[in-house]
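Heads up, the thing below is written out as structure tokens.
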Amino acid sequence: MNLNTVKFLWHNVGMTTYHHGDLQQSLVSQASQEIALGGSQSISLRHVASEVGVSASAAYHHFADKQALLDAVAHDVIERLGIAMGQALARIPGDDNSSAIARFEALGQVYLTFAQENPNLFLHAFGPNCTHDQPGDSVAFDELVAVLDDLDSRGLVRPGIRVGLENVVWSSVHGLSMLTLTGLVDSNSHQEYLSSIRRLVLT
């Protein structure tokens, strides 16, 4: 069996082992695991394909290059963040002012926790080497907008500050997350910071 035959068979193993769509997600999952352990600098599309058990050519059917894979991982991380935030909101179903405030506080806490538990993935998703959607196109951002709208409808947001408030809150919590990951803020201070944000936003 010559080398070209081996390459042909290996390529077809890669393309037939997975149903359409499964290989793409498997590549994203493998890349996510590697980034979580060591950051995105050492990621190679060929290596990720090898770890999944397919040929590089099979991987290139789904991702044009390494950057495309990195972008997909970033998108996946932001989706996971949105899911975590949605789950946190679902655990506070009440329709009273206290529940509305609790949901607002929960979003900030979940965001910080997600960043701390997934530092390399968080830095990758929001890092300069990755192109991704604007925050307004993400579920996580939509959750924040909905919670602030609910607070505002209840008269709990300080007068005159609702317009653009989601950008201010997101920037504050995101900045706090980044400062924590770089060691400039102690995670033990999170509650103090979140309380300050609450006092600035709520009546």
Q | Residue within segment 149-164 that is outside any helix (DSSP H, G or I), without any contact (Cβ under 8 Å) to a residue 12 or more places away in the chain, surrounded by fewer than 19 Cβ atoms within 10 Å (Cβ to Cβ) and among the hydrophobic types (A, V, I, L, M, F, W, C) present | A | yes
Q: Being over 19 Å from residue 82 (Cβ atoms) and either loosely packed, with under 13 Cβ neighbours inside 10 Å or among the hydrophobic types (A, V, I, L, M, F, W, C) (or both) is the filter here, so list the residues in segment 177-188 that pass it.
A: 179, 181, 182, 183, 184, 185, 186, 188
Q. Within segment 152-178, restricting attention to residues that are of a type in the set (A, V, I, L, M, F, W, C) and under 24 Å from residue 114 (Cα atoms), which residue is farthest from the chain's Cα centre (by Cα)?
A. 165
Q.
For segment 35-59, give me each residue that is within 15 Å of residue 122 (Cβ to Cβ) and either in a helix (DSSP H, G or I) or modelled with pLDDT of 90 or more (or both).
A. 35, 36, 37, 38
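The values are calculated or read from the model by the stated rules, or taken from the named source; none is laboratory data. Here the structure is a predicted model, which means the values were calculated and not measured. A quick note on method: Cβ atoms are made from the backbone with ideal geometry, for glycine too, and the neighbour counts reach across all protein chains shown.
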